[in-house]
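Chemist: So that we are looking at the same thing, I have put the structure below in structure tokens.
Just so you know, all these numbers are worked out from the coordinates, no wet-lab data involved. Owing to the predicted nature of the structure, the values given are computational and were not obtained by experimental measurement. Glycine gets a Cβ as well: all are built from the backbone with ideal geometry, and neighbour counts include every protein chain shown.
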Amino acid sequence: MSEFMQRFAELRDRKAFAEIVDSLPYVKLMGTVMAEDEAGELRFELPFLARNVGNTSL
């Protein structure tokens, strides 16, 4: 397992979701929110941000 995946697993075990997002630059830039649902599955949410909308004139 890569060093990144080991760190990811450790952060997930600690439920340190904000630290996971902080370690993924593009995910952080997009404003992604990470959480765990009732079944323990990871959930990534992308709230609406105007800067994430593509070229609206196309």
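Chemist: Just give me the residues in region 41-58 being surrounded by fewer than 10 Cβ atoms within 10 Å (Cβ to Cβ) and under 19 Å from ARG7 (Cα atoms), in sequence order.
Modeler: The answer is GLU41, and nothing else.
Chemist: Looking at region 12-40, which of its residues are more than 24 Å from ASN52 (Cβ to Cβ), of a type in the set (A, V, I, L, M, F, W, C) and surrounded by 14 or more Cβ atoms within 10 Å (Cβ to Cβ)? Give the steps one after another, and end with the answer.
Modeler: So in region 12-40, the residues more than 24 Å from ASN52 (Cβ to Cβ) come out as 12-16, 38-40.
Still in the list and also of a type in the set (A, V, I, L, M, F, W, C): 16, 39.
Result: ALA16, single match.
Chemist: Here's another thing I want to ask about it. Could we say that MET5 is out of contact with any Pro (no Cβ under 7 Å at 6 or more places or on another chain) and either surrounded by 12 or more Cβ atoms within 10 Å (Cβ to Cβ) or among the β-branched types (Val, Ile, Thr) (or both) here?
Modeler: Working: out of contact with any Pro (no Cβ under 7 Å at 6 or more places or on another chain): yes; either surrounded by 12 or more Cβ atoms within 10 Å (Cβ to Cβ) or among the β-branched types (Val, Ile, Thr) (or both): no.
So MET5 does not fit the description; no.
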